[in-house]
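Report on the following structure.
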Amino acid sequence: MQNPLLDHPNPFEPIVILAKDGQADYFSSFYDLAECHHLFENLLHSVSWESDRIQMFGKLITTSRKVAWFGDPECLYTYSGVQKSPQGWTQELLQIKHKLEEAFGHTYNSCLLNLYHTGKEGMGWHSDDEKELDSDTPIASLSFGAQRKFAFRHKQDKTTSSLILENGSLLIMHPPIQEHWHHALLRTQTIIGPRINLTFRKIRLKQ
Ligand SMILES: O=C(O)CCC(=O)C(=O)O
């Protein structure tokens, strides 16, 4: 497995992950430690978290990982056969959304939040390629709390690349990455605390 983070000197410059079929940019400190602490506590306590339901080996499984779907009112999102209606934006989520939009020039209308209580909770190999997502808009993934290992695996040649997602970091997944790569949040037996992940997305709305 390659490790693109080795020997990278500057945390404010993005580290480019993947050499073909799409690019991901990693910013280690999009938020500083004080902001991370505030946002983690705010999201943990203000969000209405619920278990996720995913298809595994043909069965619908209820996860111990918790999720929450936020967005503009018309942003419905279906995955694993379950349709989600958005919770209304909180002030904190809107501030994060605006910071991303100002920094990168893309607009977002929705955000999926994941809460992993321990390292034993993760997310299996998948790509964010549901038909309602605007495939021209990069997915912006923010991490708060315990650092975790995240990996990409090429759909055809099965090569992998992994990185550690740190507290306050941002990973931008540019098109056409979802067409060619799966990604996963790897589980670990190491005892670590909770982590909250936010993926800002753009749902394509009917005209
Ligand atoms: O928690 C993470 O970093 C991964 C989340 C993810 O893959 C997703 O929401 O599609």
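The values are calculated or read from the model by the stated rules, or taken from the named source; none is laboratory data. Quantities reported herein were computed from a predicted structural model and do not represent experimental measurements. We place every Cβ from the backbone using ideal geometry, glycine too, and count neighbours over all the protein chains shown. Remember, those area values only see protein heavy atoms, side chains included, never the ligands or the DNA or RNA. Shrake-Rupley method; radii C 1.70, N 1.55, O 1.52, S 1.80 Å.
Computed values, structure above
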read-out	value
Ellipticity estimate at 222 nm from DSSP helix runs (n ≥ 4, -39,500 (n - 2.57)) divided over the chain, nearest 500	-4500 deg cm²/dmol
Using θ = phi - 60° and Karplus 6.51 cos²θ - 1.76 cosθ + 1.60, couplings along segment 122-127 (whole Hz; Gly, Pro as x)	x, 9, x, 5, 6, 10
Partner lysines for LYS59 [C-alpha distance under 25 Å; skip if fewer than 8 residues away on the same chain]	LYS84, LYS120, LYS131, LYS155
Environment charge of GLU50, counting only residues whose C-beta is closer than 12 Å and scoring Lys/Arg +1, Asp/Glu -1	+3
Three-way shape label, segment 15-201, alpha-carbon gyration tensor, a/c 1.5	rounded
Euclidean distance of C-alpha centroids, segment 109-132 and segment 26-88, integer Å	7
Surface share of carbon and sulfur [accessible, 1.4 angstrom probe, percent] for segment 15-201	53
Accessible area expressed per residue, segment 54-207, with surrounding protein chains retained (probe 1.4 Å, Å²)	47
Of ILE191, ILE139, ILE15, the one that fluctuates the most in a GNM where the chain has Cα springs shorter than 10 Å	ILE191
3J(HN,Hα) from dihedral phi, segment 153-165, Karplus parametrisation 6.51/-1.76/1.60, rounded to Hz, x for glycine, proline	9, 5, 5, 8, 8, 6, 5, 10, 8, 10, 8, 9, 8
Integer Hz, Karplus 6.51/-1.76/1.60 couplings in order for segment 17-26, x for Gly and Pro	9, 6, 9, 8, 6, x, 9, 10, 10, 10
Segment 13-94: trypsin sites (Lys or Arg not before Pro) in DSSP loop, at most 11 other beta carbons within 10 Å	LYS20
